[in-house]
Amino acid sequence: MATPGTNTHFEGGVEPLVLLIPHNAADRDSEWLGVWERDIANCHRIDLGLWDHPHRNTWVNKINLAVHLAARPIILVGHGLGCVAAAWWAEFEKPGFGDPVIAALLVAPPDVDRPGSDARLARFSSCPRRELPFPSMVVAAPHAPPTTYAAQRRLAQDWGSHFIASEDLTPSGDWLGGRQLLEGWALRQADVVSGLHDPRQPRSEQHELGRLPLVR
């Protein structure tokens, strides 16, 4: 996953695979995923298909296949509905903590349980609310309405995720703010994989994220 100039060491010398779980292949807001897939080594975007009529179990099965084919530590990066699909994968598969997924970056998850929501989102309700079996961060949708922001914050609490909100984290272009977050998060998880500290450290721990504010 390391970009040029990044010195990242993982147990056994195996770098993690970054699995990108998109919201919609045709969504312009997801263009940064294509840039990441092109520019980041060991990065793969999952072709979930059925974009016009997303099917929860089909998406979960495709995530599961990608995870098993990887045969290495994994960092999940979900966008929009892809975040909820990742949560459903964890709900169904029940992986061990940090095995094989060592971290997840979940960007702008939608409120699939909101009454009157888009039928394509409603197919993924009721959203799993258990703590995720891997360290995770939820990145709030920039400039989202207060109801959306509140729903994303509740999801982060239920999933046991850190919650981050910043105008610096507007997903667009190559999304350098997200790249900074991804690379810092991956470096920290290298310690977890190497057994250098307890991955279940208190959720209140402050992480070193440069100038990105951590919202609780």
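Projected onto the charge dipole of the range 13-195 (+1 at Lys/Arg Cβ, -1 at Asp/Glu Cβ, origin at the Cα centre), which of His79, Trp32, His68 gives the Cα projection farthest towards the positive end?
Value: His68.
At 7 Å along Cα-to-Cβ for each site, give me the label-to-label distance between Ala71 and Gln157 in nm.
The two pseudo-label positions are separated by 4.4 nm.
State the extension gain, in nm to one decimal, for the chain segment bounded by Thr58 and Asp174, taking 0.36 nm per residue of separation less the distance between their alpha-carbons.
Result for the pair: 38.9 nm of gain on full extension.
What is the order of Asp118, Asp113, fewest Cβ neighbours within 10 Å to most?
Neighbour counts put them in this order, fewest first: Asp118, Asp113.
Coordinate-derived values only; no laboratory data. These figures come from a predicted structure and were not determined experimentally. Backbone-built Cβ (ideal geometry, glycine too); neighbour counts: all protein chains shown.
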